[in-house]
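Let me begin by presenting the structure, written as structure tokens, before commenting on it.
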Amino acid sequence: MRLQTLIQFIFPSAILAQSLNVTVLGARHHRSTLECWALVPGFQTSAQPGQVGTAALNLGDVGGNASFAVLPAGFDGGRHNAPALQWVVYLSGLAHITLPNSTTEAWIEGGKNGVILALDTANVSALGHFTTYPSRERTTAMLIPLGEEGVPRHRVLHAGPCRGEELLV
């Protein structure tokens, strides 16, 4: 299954930038990291029926089963690794991601800026990361494993999560 229009489907009213910038939970030297990436190539004009002339971005193939998660308000996911290379699309609520050996943190609000890429699997990160859901409402998320193409083409913008104007507006 192709994810070419996933962003349009989830965020139909978003004003799209030239590229999609996403917070990435990665790993370096067996430690989880947070980085801001720009996916390349950027948005293209869609020729897909029903979306002709709109902006679309190919996110690659889906591998395995996607799932939908409902996390209760105040839930503590504890320390863990990403179970697979996957897109995590927070639709509602709030996720707070911290790293065991760092003060770097990411606050991910559900909605138009709620897309992250989780890549810190156990084979590349010894300690993983912590995720809590501190809002007073439940958090909903779609978990979409990457397919055989693997990690999408990108350029690293900087260390730490994407913020403010770097995200979709």
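Measuring with a 1.4 Å probe in the full set of protein chains, what accessible area per residue, in whole Å², belongs to region 46-115?
50 Å²
What distance in nm lies between label points placed 7 Å from Cα along the C-beta direction at VAL151 and ARG138?
3.4 nm
Apply the Karplus curve 6.51 cos²θ - 1.76 cosθ + 1.60, θ = phi - 60°, to the phi angles in region 132-137 and return the couplings in whole Hz, x for Gly and Pro.
10, 10, x, 6, 8, 10
Could you work out what % of the accessible surface of region 34-116 is carbon and sulfur, using a 1.4 angstrom probe and leaving DNA, RNA and ligands out of the count?
Solvent-exposed carbon and sulfur of region 34-116 make up 52 percent of the total.
Provide the per-residue ³J(HN,Hα) series for region 31-48, in order, calculated from phi with Karplus coefficients 6.51, -1.76, 1.60 and θ = phi - 60°, each as a whole number of Hz, with x at glycine and proline positions.
Karplus values, whole Hz, x for Gly and Pro: 10, 5, 10, 10, 9, 9, 10, 10, 6, 10, x, x, 5, 10, 7, 6, 10, 6.
Work out from phi, with θ = phi - 60° and the Karplus expression 6.51 cos²θ - 1.76 cosθ + 1.60, the ³J(HN,Hα) of each residue of region 158-167, listed in order in whole Hz, and give x for Gly and Pro.
These are the phi-based 3J(HN,Hα) values: 5, 6, x, x, 5, 9, x, 5, 6, 8 Hz.
Ignoring ligands and nucleic acids, what accessible area does LEU119 show with a 1.4 Å probe (Å², nearest 10)?
It works out to around 20 Å².
How would SER67, SER125 rank on accessible area, largest to smallest, probe 1.4 Å? Can you show the working numbers first?
Details: SER67 55, SER125 0 Å².
Solvent-accessible surface, decreasing: SER67, SER125.
Kindly provide log₁₀ I(q)/I(0) values, in the same order as q = 0.10, 0.16, 0.18 Å⁻¹, from the Debye equation applied to equal alpha-carbon scatterers of the chain.
Result of the Debye calculation: -0.35, -0.93, -1.20.
Out of residues 5 or more away from SER19 or on other chains, whose amide H comes under 5 Å of its own, with H placed 1.01 Å from N in the peptide plane?
Those qualifying (amide H under 5 Å, at least 5 residues apart or on another chain) are PHE43.
DSSP loop trypsin sites (Lys or Arg not before Pro) in region 15-123 with at most 10 other Cβ atoms within 10 Å of their Cβ, which ones?
none
The values are calculated or read from the model by the stated rules, or taken from the named source; none is laboratory data. Predicted, not measured: the structure shown is a model, and the values here were computed from it. A quick note on method: Cβ atoms are made from the backbone with ideal geometry, for glycine too, and the neighbour counts reach across all protein chains shown. SASA here: full protein model, heavy atoms, side chains in, ligands and nucleic acids out. Shrake-Rupley method; radii C 1.70, N 1.55, O 1.52, S 1.80 Å.
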